[in-house]
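To keep things clear, I will list the structure first and then write my remarks on it.
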Amino acid sequence: MLDASSKNQNQHETMSGAAILIETLINHGVDEVFGFPGGAVLNIYDELYKHRGKIRHYITCHEQGAAHAADGYARATGRPGVVIATSGPGATNLVTGIATAYLDSSPVIAITGNVALPLIGKDSFQEVDIAGITMPITKHNYIVKDINELEDIICEAFQIAQSGRPGPVLIDIPKDIQIQKAAFKGGKARPLFPLPPINQSSIEEAAKLINESKKPYIYAGGGIISSRAAAELMAFADKIDAPIGSSMMGLSAVPYTSERRLGMTGMHGTYASSMLGAESDLIIGIGVRFSDRATGDKSKYQENTKILHIDIDHSEIDKNIKSYTSVIGDIKEILPRLTEMVDQRTFKKWKDVAAEYKKIGKECSRGLNEDGLHPKNIIKTVRQYANDDTVVATDVGQHQMWTAQYYEFTKPRTFLTSGGLGTMGFGMGAAIGGAVGGKKRSILFTGDGSFHMNMNELATAVMHRLPVVVIIMDNRVLGMVRQWQKLFYEEHYSNTTMDRVTDYVKVAEGFGAAGCKAETMQELETALEKAFATDGPYVIDCIIDKDERVLPMIPPNGSIDNIITN
Amino acid sequence: MEIRKFTLSIIVMNKFGVLHRISGLFSKRGYNIDSLTVNVMPEDERMSRIIMTSSGDDATREQIIKQLEKLHDVKEVKLI
Ligand SMILES: Cc1ncc(C[n+]2csc(CCOP(=O)(O)OP(=O)(O)O)c2C)c(N)n1
Ligand SMILES: [Mg+2]
């Protein structure tokens, strides 16, 4: 049967499934992949060997790290990140990485091997139903059951991952499919799926609402970055003279130098963004999903405020919050059309209010030791060694929030953080993906707890000579959980006081990297000099106060009335 | 909001796991499935029609339809 089909299509070259995969990846512009080999992907790795001049494989220490690296690569470059893993445990190790990418709408292509088709369903060695497992955390996934469908599936996976709202796609390829042969049609990239046309009357309605508003407030999210619409956002905001609050995912879309920038909204958002959001008469949500962490108590949120929701994903409209009106489509196309239609405005009073709240915000929420090695000082100092294009990754916890609050982002795609899933252990892989994708030094702000989850990937950075500057905000506690225990659990510090004796400098050296400890700002500066002159990774263990808190804080499901500022 | 029963006609590609995708979507998002039948479409065997009854308030019903429409193998969702 195979012979017959290859004869029928003899204008095409016949190739193995594994070769079709690699050729198709290359023809989609993929020249860097992350992964980890094993029995069920031996054929794919054999093709990687044969194609080694055209496609570079970065082996990690653990498939989770590879998945985060592919995700970080995608976030930093806007191009799909590809990760390869073997069947069974290799595939299940990807799960957290895929879920992280899914929650943050990152275009990751995950390729897993599986046991040969006749062995599927027999609990064969290293068999797992990874397609079943990842169904709820992928945009789509496949098990390839016919070699003649493989090429189309790979091409389609790239289309799905990148069309509309991006997201991860998994392709599970049984071993016999990798070996069988089929005609190869060229594996060319196909155009993205067209979106339904934007409803003109919805834009008109939105424009009318905006023209009626006297206190407009823009709430901008990751969709701005996915749609490459940062410039369009600014032009729009300028015309309607609105301040911009950002979700954590949207932070890097608004340069810190912009007067309109309020910073992050939500639980640990800035005082100004929370106050202005609460006082505005029109919240214009653009590429956001009004997640619980970003809005708090939504009944309060909406009391006197209308909501205009603009998003590419129609299911986000009225999912978390009921909108007054909405526009569905690509932000990059909607915003210029809307900008043209709205009146040019200036709101002197509203602007003064914003300036006032920004000032108050600066005064309140002071840290414990703001003159010493305080998180704010650490982040601001590190920023001086970086440039506007430097990719910054974080793990999850207090250090992540401090980075979101204090790091001065200037360009989209420079902030890689796990917003939706909140994955501790994301950072090392993401920083590696960022360094590979950006082809330059990246920075990781991590916590002692998070770093213990994926520090193995330091070996990956050493192996591939990737210049990743690792800043550990070492409070010796699971700081964010501890903060909740302090505020809401009567200071019962259950299992959050780690006081591990890990020597991070020795850890770095043990992996073949370099590092040092910093207990003062002076020591930090010296360390940064070295770090930014080092060819590979460099670890700086910054000792900070364990009682330092992330402020301000609006307690879960609270509102601006409940804000904690000191 | 008032909980009401409603019936959906969902046309899907007969691809691997399509029923799993649909039932998985319902369990993942906390929607109810009250009944469900699947039939291959006589005019095109590559497709099936799922008739499903569910219940929920208006907002839930709208969400269910939109979430179903996002699935790659779902070609059409209609309220009947
Ligand atoms: C994989 C995972 N497990 C558990 C959590 C819950 N969690 C959120 S923040 C946090 C503490 C993180 O500690 P550390 O990395 O030291 O950061 P810090 O808050 O101290 O800056 C924990 C345990 C999580 N987000 N991810
Ligand atoms: Mg910590």
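Structure data summary
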| item | result |
| --- | --- |
| Residue A:156 of a type outside the set (S, T, N, Q), surrounded by 20 or more Cβ atoms within 10 Å (Cβ to Cβ) and closer than 22 Å to residue A:79 by Cα | no |
| Selection within the range A:470-508 - touching a residue at least 60 places away in the same chain (Cβ under 8 Å), more than 11 Å from ligand 2 (Cβ to nearest atom), of a type in the set (A, V, I, L, M, F, W, C) and not in a strand (DSSP E or B) | A:487, A:488 |
| Pairs where the first residue, in the range A:442-454, is assigned by TED's automatic domain parsing to the domain that holds residue A:391 and charged (D, E, K, R) and the second is within 11 Å of ligand 2 (Cβ to nearest atom) and not in a helix (DSSP H, G or I), C-beta under 8 Å, 6+ apart | A:448/A:472; A:448/A:473; A:448/A:474; A:448/A:475; A:448/A:476; A:448/A:477; A:448/A:498; A:448/A:500 |
| In the range A:259-308, residue nearest to the chain's Cα centre (by Cα) [restricted to those that are within 21 Å of residue A:484 (Cα to Cα) and among the charged types (D, E, K, R)] | A:293 |
| Residue list for the range A:120-159, filter: among the hydroxyl-bearing types (Ser, Thr, Tyr) and within 11 Å of another protein chain (Cβ to nearest Cβ) | A:134, A:138, A:142 |
| Matching option when the condition is assigned to a helix (DSSP H, G or I), surrounded by fewer than 19 Cβ atoms within 10 Å (Cβ to Cβ), on the phi < 0 side of the Ramachandran plot and not assigned by TED's automatic domain parsing to the domain that holds residue A:89, among A:205, A:232 | A:205 |
| Count of residues meeting criterion [within 14 Å of chain A (Cβ to nearest Cβ) and either in contact with a Cys (Cβ under 9 Å, 6 or more places away or on another chain) or surrounded by fewer than 19 Cβ atoms within 10 Å (Cβ to Cβ) (or both)] in the range B:41-59 | 4 |
| Selection count, the range A:306-346, where residues are more than 14 Å from chain B (Cβ to nearest Cβ) and in contact (Cβ under 8 Å) with a residue 40 or more places away in the chain | 23 |
| Complete set of residues in the range A:241-265 that are closer than 19 Å to residue A:76 by Cβ and assigned to a strand (DSSP E or B) | A:246 |
| From A:103, A:117, A:170, residue being touching a Pro at 6+ places or on another chain (Cβ under 6 Å) and either within 14 Å of chain B (Cβ to nearest Cβ) or not hydrophobic (A, V, I, L, M, F, W, C) (or both) | A:117 |
| Boolean, residue A:349 is more than 30 Å from residue A:194 (Cα to Cα) and within 14 Å of chain B (Cβ to nearest Cβ) | no |
| Hey, residue A:321 of a type in the set (Val, Ile, Thr), over 18 Å from residue A:106 (Cα atoms) and either in a helix (DSSP H, G or I) or modelled with pLDDT of 95 or more (or both) or not | no |
| Matching residues, the range A:464-503, being away from ligand 1 (no atom under 12 Å from the Cβ), under 29 Å from the mean Cα position of the chain (by Cα), under 30 Å from residue A:535 (Cα atoms) and surrounded by fewer than 22 Cβ atoms within 10 Å (Cβ to Cβ) | A:464, A:465, A:467 |
| Positions within the range A:208-226 being crowded, with 24+ Cβ neighbours inside 10 Å and either within 19 Å of residue A:323 (Cβ to Cβ) or without any contact (Cβ under 8 Å) to a residue 24 or more places away in the chain (or both), in sequence order | A:216, A:217, A:218, A:219, A:220, A:221, A:222, A:223, A:224 |
| Residue satisfying condition, being farther than 17 Å from residue A:47 by Cα and aliphatic (A, V, I, L, M), within set A:147, A:130, A:177, A:154 | A:130 |
| Answer residue from the range A:378-406, given it is away from ligand 1 (no atom under 16 Å from the Cβ), touching a residue at least 24 places away in the same chain (Cβ under 8 Å) and part of a helix (DSSP H, G or I) and is surrounded by the most Cβ atoms within 10 Å (Cβ to Cβ) among those | A:383 |
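The values are calculated or read from the model by the stated rules, or taken from the named source; none is laboratory data. Everything numeric in this text was worked out from a predicted model, so none of it was measured. Positions of Cβ are generated from backbone atoms using ideal geometry, with glycine treated the same way; all protein chains shown enter the neighbour counts.
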